[in-house]
Amino acid sequence: MSSAETKRDEKSGQSEHEGQLLRRKRLRRAVMSLGVLGLVSLFAYQNCDGGFQFDPVTGTLSSGGGPGTSGGSLTITTFDPAGRVYTSDVFEGGLQYKIVATGAGVSSATLLWTRTQDTGNCVLSSGTSSDTRFVTCSNSGTVKIRLEAFWDDGRVDSREITKNTTAVIVDACGVNTDTRVVFRIPQGTNTGPWNSTASPALVFVGQTLRICNDDTVNHQLHTGGSPCAHQGSAMARGQFYDCVIANANTAGMYDHIHGTGATFSVQALDGTALYADATKSGTANSCATCHNPIGTSAKRGRTFAQIKDAILNNRGGMGAYNGRITDNEIRAIAFALR
């Protein structure tokens, strides 16, 4: 081989070697660029979703979530009309229940409430915020209420509650009349007192005290035989008991089911006894002294307004009762004079 040919071959080999080195440099640069791009992408996703986790074994990348983005704790909590957490599977007709979406980040999610089934003729109404709804049903059936939460990271979570429903109970208690006083055990009374001693049920001997159960639990009046007979059985919501007032002894009235702490305060006034009570005037005289015993009283049929006017204007010496007899006692006397 000539000297010229040898130099030509050496130059060719050198050029090939330099080309290989150049290709390797370019490959390394490409790999580094891809690595940087991957890190940038990872940090970008971390910033908008609260962090990602990479599993080197499986090669999977999963979102770690974060406050305001994750719906894993989404729940629906139900409250009864008294504001207590309600766990029963029945919505009673005519009562309003509150349902509230709870969980981390719920306040930042977009919430959608729908009835996916409704044979109970239920009304789903808005609350003061998007996480609260109210539901009232009127027929026997079933209602399913679905909650969908649209989170900041694009995911959608959903929860659903199913409740049986009952029909609205027709109120058979009626209203007050001259001979009947209606008392309603309030919704939410549960095992507590039916009323307070500061606001007793006012009734006159001879009237009927109709006790109506507006609560969702059973109740039963306990008496020692006065002022009316002991209630023989429990009454459910919508039922009532007629307590016929025979005397003014109201001590020891309470809920027979829930115990002596569930008291019932009643003020019973005996108009016949008050008519004959000589301590109510400043003259040691009673109504009977001037007007005959109540059975033959000359004032039969007198009304509260007429008796009150006679006292205030001292008609026939009735001013002797002024300041000594209460308006309710006058009403009891007027009832006895019917």
TODO: Kindly list, by first and then second residue, each pair from a residue in segment 219-237 that is exposed (fewer than 14 other Cβ atoms within 10 Å of the Cβ) to a residue that is charged (D, E, K, R) and assigned to a strand (DSSP E or B), limited to pairs with Cβ atoms under 7 Å and residues at least 6 apart or on different chains.
DONE: none
Open item on the list: For the list (1) outside the structural domain of N190 (by TED's automatic domain parsing); (2) at positive phi, I need the number of the one condition that G252 fails.
Closed with: (1)
- [ ] Any residue in segment 102-127 that's assigned to a helix (DSSP H, G or I): show its pairings with residues that are at pLDDT 95 or above at Cβ separation under 6 Å, as long as the two are six or more apart or on different chains.
- [x] V106/D131
TODO: Go through (1) crowded, with 19+ Cβ neighbours inside 10 Å; (2) hydroxyl-bearing (S, T, Y); (3) under 34 Å from the mean Cα position of the chain (by Cα) and name the single condition T272 misses.
DONE: (3)
Task: Residue check, G317 farther than 23 Å from R184 by Cα and in contact (Cβ under 8 Å) with a residue 12 or more places away in the chain - done: yes
Task: Selected residue (criterion: farthest from I99 (Cα to Cα)) from residues of segment 118-133 that are exposed (fewer than 15 other Cβ atoms within 10 Å of the Cβ) and not hydroxyl-bearing (S, T, Y) - done: V123
TODO: Identify all residues within segment 200-229 that are in a loop (DSSP other than H, G, I, E, B) and under 26 Å from N328 (Cβ atoms); write none if there are none.
DONE: P200, V205, G206, Q207, D214, T223, G224, G225, S226, P227, C228, A229
TODO: Just need a number here: residues in segment 141-155 that are touching a residue at least 60 places away in the same chain (Cβ under 8 Å) and either among the small types (G, A, S) or in a strand (DSSP E or B) (or both).
DONE: 3
TODO: Hey, can you tell me all the residues within segment 76-101 that are touching a strand residue (DSSP E or B) at 6+ places or on another chain (Cβ under 6 Å), in contact (Cβ under 8 Å) with a residue 40 or more places away in the chain and either over 27 Å from N139 (Cα atoms) or of a type in the set (A, V, I, L, M) (or both)?
DONE: I76, V90, I99, A101
- [ ] Residue by residue through segment 265-281, note down the ones that are among the hydrophobic types (A, V, I, L, M, F, W, C) and part of a loop (DSSP other than H, G, I, E, B).
- [x] A276
Task: Qualifying position, being touching a strand residue (DSSP E or B) at 6+ places or on another chain (Cβ under 6 Å) and either touching a residue at least 12 places away in the same chain (Cβ under 8 Å) or small (G, A, S) (or both), among A288, A332 - done: A332
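The values are calculated or read from the model by the stated rules, or taken from the named source; none is laboratory data. Fair warning: this is a prediction, and the values are worked out from it, not measured in the lab. For neighbour counting, all protein chains shown are included, and Cβ atoms are generated from backbone atoms with ideal geometry for every residue, glycine included.
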